[in-house]
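Structure first, commentary second.
The values are calculated or read from the model by the stated rules, or taken from the named source; none is laboratory data. The structure presented is a predicted model; accordingly, all values stated were derived computationally and were not measured. Don't worry about glycine lacking a Cβ; one is built from the backbone with ideal geometry, like all the others, and counts go over all protein chains shown. The area values use the complete protein model at the heavy-atom level, side chains included, leaving out ligands, DNA and RNA. Shrake-Rupley method; radii C 1.70, N 1.55, O 1.52, S 1.80 Å.
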Amino acid sequence: GAVVSQHPSRVICKSGTSVKIECRSLDFQATTMFWYRQFPKKSLMLMATSNEGSKATYEQGVEKDKFLINHASLTLSTLTVTSAHPEDSSFYICSAPLPREGPNTEAFFGQGTRLTVV
Amino acid sequence: AQTVTQSQPEMSVQEAETVTLSCTYDTSESDYYLFWYKQPPSRQMILVIRQEAYKQQNATENRFSVNFQKAAKSFSLKISDSQLGDAAMYFCAYRSARPNAGGTSYGKLTFGQGTILTVHP
């Protein structure tokens, strides 16, 4: 199946600093990517939809200035957590569907990034 | 907006036995897709099985099968002959059949709360 690579898998940063998480589609072009946030033993909550060549679409309640998303190319989307605080500590997962495939195709997920803000 | 509900936070099963995980959803759409994903301790999301809403026949993948009741908006997962490797968190997910605004992709998934499955040897 298609591969989505997410980096880094773990990161620890100091409060007030920014952290960038990368999501790459390795063997297909992803015009759309999705960013989810997951708390321990909880569900995946969609944060935003990353669109290549245009602005990201954020879900209600997600701070655009806090979580900056850039879809720089057809294979790369980045999520930058700006001025991170301990409450931003979480597991972040990206996902990319195959472009122009039907809605019954599976979404391919990155390995996730565990962010810890100290 | 669509919602997905998994009412069983935790379930357990003996190895080789059968277990059923429940999922209900709410939508005003008539055409959509439903999925079960597995998230093992590695936290990598793995597709288990998918179901098209327009199909009456329940999907089956080896030891995994679903009971899809469209009128009741219910989509349960049955795991037969449970194995230790089945231990994971399971998520039910919904996807609309409508593409995004640009028509370039589908993909936005709405997930249930998840069910942690423990398999006892």
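Filter the range B:105-121 down to the residues that are part of a loop (DSSP other than H, G, I, E, B) and either more than 18 Å from the chain's Cα centre (by Cα) or modelled with pLDDT under 95 (or both) and list them by number. Talk me through it step by step, then tell me what you get.
Taking the range B:105-121 first, the residues part of a loop (DSSP other than H, G, I, E, B) are B:105-109, B:112-114, B:121.
Across the range B:105-121, the qualifying residues are B:SER105, B:TYR106, B:GLY107, B:LYS108, B:LEU109, B:PRO121.
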- Residues (in a loop (DSSP other than H, G, I, E, B) and open to solvent by less than 10 Å² (accessible area, probe 1.4 Å)) located in the range A:1-35: A:ALA30
- Note on the structure: Scanning the range B:34-66 for residues that are open to solvent by 30 Å² or more (accessible area, probe 1.4 Å), modelled with pLDDT of 95 or more and under 18 Å from B:GLN113 (Cα atoms) gives B:LYS38
- In the range A:60-82, the residues that are surrounded by 13 or more Cβ atoms within 10 Å (Cβ to Cβ) and not in a strand (DSSP E or B): A:VAL62, A:LYS66, A:LEU74, A:THR75, A:THR82
- So how many residues does the range B:32-84 have that are of a type in the set (Phe, Trp, Tyr) and over 29 Å from A:ARG37 (Cα atoms)? 1
- What pairs come up if the first residue lies in the range B:39-67 and is at the interface with another protein chain (Cβ under 9 Å from one of its Cβ atoms), the second is among the basic types (Lys, Arg), and their beta carbons are under 6 Å apart, counting only those six or more places apart or on different chains? B:ILE46/B:LYS38
- Message: If I ask for residues that are at pLDDT below 95, in a loop (DSSP other than H, G, I, E, B) and buried (at least 16 other Cβ atoms within 10 Å of the Cβ), which ones from the range B:76-98 would you list?
- Response: B:ALA97
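Report yes if A:GLN38 is touching a Pro at 6+ places or on another chain (Cβ under 7 Å) and surrounded by 12 or more Cβ atoms within 10 Å (Cβ to Cβ), otherwise no. Spell out how you get there, then give the answer.
Values: touching a Pro at 6+ places or on another chain (Cβ under 7 Å): no; surrounded by 12 or more Cβ atoms within 10 Å (Cβ to Cβ): yes.
For A:GLN38, the condition - touching a Pro at 6+ places or on another chain (Cβ under 7 Å) and surrounded by 12 or more Cβ atoms within 10 Å (Cβ to Cβ) - is not met.
Please enumerate the residues belonging to the range B:107-121 that are away from every other protein chain (no Cβ under 12 Å) and open to solvent by less than 10 Å² (accessible area, probe 1.4 Å).
B:LEU117, the sole residue that qualifies.
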